[in-house]
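Here is the structure we will look at.
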Amino acid sequence: MPSDLEQIQAIKSQALARIAELTAEAKPTYYLDGQSVSWNEYLRRLQATVAWCDRQLAGLEPIEVHSQGIT
């Protein structure tokens, strides 16, 4: 089973690939059977997913804290 890091990296990669597809050929918003399909909203959600992945990946990185005591 993939680790959390690998899964988040895969989600980010998939979202970025989909963003590339959408921006290569822009599509208009349209209505189908009373439902609205907004490509701009879909693009914003994908961008939010990438931002979420970035935040999660930053949280998984090891950190090093330097401190100094005062005597």
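The values are calculated or read from the model by the stated rules, or taken from the named source; none is laboratory data. The shown structure was predicted, so the numbers you read here are calculated from the model rather than taken from an experiment. Virtual Cβ from ideal backbone geometry, glycine too; neighbours counted across all protein chains shown. What goes into the accessible areas is simple: the full protein's heavy atoms, side chains included, and nothing from ligands, DNA or RNA. Shrake-Rupley method; radii C 1.70, N 1.55, O 1.52, S 1.80 Å.
Nonpolar atom fraction for the chain, defined as the carbon and sulfur part of the 1.4 Å probe accessible area, stands at 53 percent. In the chain, the longest principal axis of the Cα atoms and the axis of helix 39-60 are about 10 degrees apart. Residues in the chain average 86 Å² of solvent-accessible surface per residue, probe 1.4 Å, ligands and nucleic acids excluded. Near residue 51: Cβ cut-off under 12 Å, other residues only, Lys/Arg at +1 and Asp/Glu at -1. The net charge is +3. Each residue of the chain gets 153 Å³ once the volume of the Cα convex hull is shared out per residue. Shown are 50, 37, 65, whose ranking by accessible area with a 1.4 Å probe and every protein chain present, most to least, is 65, 37, 50.
For the chain, a Gaussian network of Cα nodes joined below 10 Å ranks 47, 14, 35 by mean-square fluctuation, and the top entry is 35. Tell me, which longest segment in the chain has none of the GluC sites (Glu not before Pro) that fall in DSSP loops with at most 16 further Cβ atoms within 10 Å? For GluC sites (Glu not before Pro) (loop position, at most 16 other Cβ atoms within 10 Å), the longest site-free span of the chain is 26-63.
Rounded to the nearest 500, what is the chain's calculated 222 nm mean residue ellipticity when only DSSP H runs of at least 4 contribute -39500 (n - 2.57) each, over all residues?
Here the helix-only value at 222 nm equals -21000 deg cm²/dmol.
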